[in-house]
Each structure stands twice: as C-alpha cells, then as structure tokens.
Amino acid sequence: MTPDAPREAPEADAEAEADAGRIVLLTASHRVAPGLLSWPAWQTLHAADRVLCGVGDHPQLPYLRDAGVTVELAAPTAQELLDACADGRTVVIVSSGEGETDLTDGLARLAGSGRVRMPDLELLPGSYDLPGARLLDLVQVMDRIRRECPWSSRQTHKGLAKYGIEEAYELVEAIEDGDRDELREELGDVLLQVIFHARIAQEDEEEPFSVDDVAATIVEKLIRRHPHVFGDESAETPEDVKEHWLREKAIEKQRDSVTDGVPLGQPGLALAAKLAGRVRTAGMDVELPTGEGIGYELLALAVAAEASGTDPEAALRAAGRAYRDAIRAAEKAEGQA
C-alpha cells in the first residue's frame, strides 16, 4: 500500500483563502482647494483601517485631521503595504502631487511574480479638474517668470504691444491654413499676452488689476450683452443677436459718433470696412470722399466688399497667398531650367 503523499499545512490553505485586503490610492487635483473632496473619498477615508501619507506638508492633511481622519506619516514599501492589508484591512494612501511611482512599480513587481496574493488595488480621484483649471497653472507659471526672468521682469504694456499684434496675425494665419496643431499653439500665444499684461497690471501703484478682474469684466460684459441667454429677451436669428449686442454696447459706451471706438491703427482695408459697417448699421447715407490716388480707389473697393459681406482684408490675404504660391512656382521653374 502506497503511503499517502504529504499534505500542505492547513495554515497555508487558510492563508490562501484569507482576504488580501484593499489598497486605495487617493488622488486630488492641486487646482481645487484642499479639503474639497468627493463624498466617496470621505466615505473611504472614514471607513479605512489606516490612512497613510508620505508627505508631511501635504495640503490635504490639515483638512483630513479637522474631519477626524487619523493620518499616519509613512511611506511604506510595496511589501509593507501588503502586510498592512492582511486579514482584509483597507489602507488608503493619500497620494502626493507627483504620484506614487515607486510604490505602484513595487506593487506591479509583486503582482507579476505570482508568489503572493495581491490586495484589491483602487485608484480613487478625490477631486477633479474643472474645465479651465489649467489656466491656474498658466497664472502661476507667469507669476514666477515675472519674478525671476531677467527679460520678463522688465517688460511693460507698451513694450509688449507689438507682440500682441504679431501673435494675433499668426493666429489668423493658423485659422486660414486650417492647421489644428498650429491653431492650438497660436491660441496659447495669444492667451499668454493676456496673462502677461494682466500680471504687469497687478504692479501698477495707482490702478492695479489682476487677471481675475480681467475675467470678471468680460464675464459681466458677455452676460449683459446676451439678454436672450441670461435674461428675458429672445433672439431667433444671428441678426437678432447682433441687434442685442449693438444696442447694449451703445448703452454702455454712450458714444458721440458711430466712429468712436474704431482703432485707426488697424490695417487700412480693415479700417475702411469697419467704418463702412458702422455707417451701414446706423442706417446713414454718407458719400465716399473722392480724391486722387490709389488710396481712394482702395477705400471704394473696401466699402463695396463690406456691403457684399466680404472681408476685404481676408480677401486680399487670400490673393496674397495665391501670389506667393505663384512666385514660388516661378522660382522652382527657374531652378529646373
């Protein structure tokens, strides 16, 4: 009779069947005020057997402690964390802003070894970025650059003015080219000009204002000029919307002339079209000035283009691009000759 094969110790069977516990990596956006966590995050924190954090000055710690959550300052290894989860315990790791790469890599190695039973691993976002949250990063970066960069710290509104014009033209070019990557980049460059000027404005001793004041001003203007969206008025067509906009703008500005507010420094064709649009909208009948030279001819063409719904500046740019392509084609042909 063959003796029975040796049996595994019953302790091993019990250990294999034991609950390996649960590890929760709790993350929170640094762009949201500390302590503003989701309800599932608070529930998990209060129910956990242990809450660990490896960063002593973590911004969430004062708020967790105020809420009665006991937080241990510890940065366990992967094996130490597995031991802490034994017998079905739940351990929450309050993640740092840089994440817990060393810990998660260690857990991955243990899981890949196949020699240990892994706890359940859960990533729990305690707060999320709202749309526009990355703008806070831009403000912080600009603030530091303004303080520490030898060039940026010396710039003024007047000194930066030319860059605003350049970036606006580059944005228009990206739009006309239809290049999505270029469009995203140029929008960022235009946004930088706004943030840069707002940061400089904070330092004005007599009339300081911040980027929040800039944003508040445009928000108020948008709400005020869209009574069909934020008020009781109605608008069924784009023409109705434009009428609302112009009416509200006229009330705000209380201008003496339809030409008030038209910047004379803009390109000539755009200036002529803008003036013609103001005249047409006001229902005025103003005879075009006459005189010698190409300027008056261009003025007449720009006014005619505006009346037909054509942007003369964009039309001339398109023709200029065609001319540029023709020049390049001629250069290429000459090079092959």
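The values are calculated or read from the model by the stated rules, or taken from the named source; none is laboratory data. Given the structure is predicted, the values throughout are model-derived calculations rather than measurements. When we count neighbours, we look across all protein chains shown, and the Cβ atoms used for this are built from the backbone with ideal geometry, even at glycine.
Every residue, every condition in (1) of a type in the set (S, T, N, Q); (2) surrounded by 15 or more Cβ atoms within 10 Å (Cβ to Cβ); (3) in contact (Cβ under 8 Å) with a residue 40 or more places away in the chain, yes or no:
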{"position": "157", "(1), (2), (3)": "no, no, yes"}
{"position": "162", "(1), (2), (3)": "no, no, no"}
{"position": "176", "(1), (2), (3)": "no, no, yes"}
{"position": "181", "(1), (2), (3)": "no, no, no"}
{"position": "189", "(1), (2), (3)": "no, yes, no"}
{"position": "192", "(1), (2), (3)": "no, yes, yes"}
{"position": "198", "(1), (2), (3)": "no, yes, no"}
{"position": "214", "(1), (2), (3)": "no, yes, no"}
Single condition residue 287 does not satisfy, out of (1) farther than 30 Å from residue 169 by Cβ; (2) at pLDDT below 90; (3) out of contact with any helix residue (DSSP H, G or I) (no Cβ under 6 Å at 6 or more places or on another chain):
(2)
Test of understanding: among 145, 165, 175, which residue is assigned to a helix (DSSP H, G or I), touching a Leu at 6+ places or on another chain (Cβ under 9 Å) and over 30 Å from residue 75 (Cα atoms)?
175
Return yes or no: is residue 152 under 30 Å from residue 27 (Cα atoms), surrounded by 14 or more Cβ atoms within 10 Å (Cβ to Cβ) and in contact (Cβ under 8 Å) with a residue 24 or more places away in the chain?
no
Return yes or no: is residue 221 surrounded by 13 or more Cβ atoms within 10 Å (Cβ to Cβ), of a type in the set (Lys, Arg) and at pLDDT 85 or above?
yes
I'd like to know if the stretch 183-201 contains one or more residues that are basic (Lys, Arg) and either modelled with pLDDT under 85 or over 29 Å from residue 312 (Cα atoms) (or both).
yes
Verdict on residue 123 being part of a strand (DSSP E or B), out of contact with any Phe, Trp or Tyr (no Cβ under 7 Å at 6 or more places or on another chain) and at pLDDT below 95
yes
Name the pairs: first residue in the stretch 46-70 and under 14 Å from residue 26 (Cα atoms), second residue of a type in the set (Ser, Thr, Tyr) and surrounded by 13 or more Cβ atoms within 10 Å (Cβ to Cβ), Cβ to Cβ under 6 Å, at least 6 apart or on different chains?
48/90; 55/96
Being of a type in the set (Asp, Glu) and out of contact with any strand residue (DSSP E or B) (no Cβ under 9 Å at 6 or more places or on another chain) is the filter; apply it to the stretch 17-58 and report the residue that is surrounded by the fewest Cβ atoms within 10 Å (Cβ to Cβ).
57
Elements of type helices (runs of 4 or more DSSP H) contained in the stretch 191-299, each with 2 or more residues being under 20 Å from residue 157 (Cα atoms) and of a type in the set (Asp, Glu):
211-224
Residue that is over 23 Å from residue 165 (Cβ atoms), without any contact (Cβ under 8 Å) to a residue 12 or more places away in the chain, surrounded by fewer than 12 Cβ atoms within 10 Å (Cβ to Cβ) and under 35 Å from the mean Cα position of the chain (by Cα), where the choices are 309, 265, 291, 320:
309
Could you say which residue among 119, 62 is in contact with a Gly (Cβ under 9 Å, 6 or more places away or on another chain) and either surrounded by 14 or more Cβ atoms within 10 Å (Cβ to Cβ) or outside the structural domain of residue 33 (by TED's automatic domain parsing) (or both)?
119
Please work out if residue 142 is surrounded by 12 or more Cβ atoms within 10 Å (Cβ to Cβ), in contact (Cβ under 8 Å) with a residue 40 or more places away in the chain and either polar (S, T, N, Q) or closer than 25 Å to residue 40 by Cα (or both).
no
Please verify whether residue 241 is without any contact (Cβ under 8 Å) to a residue 24 or more places away in the chain and either within 19 Å of the chain's Cα centre (by Cα) or exposed (fewer than 11 other Cβ atoms within 10 Å of the Cβ) (or both), treating the condition exactly as stated.
no
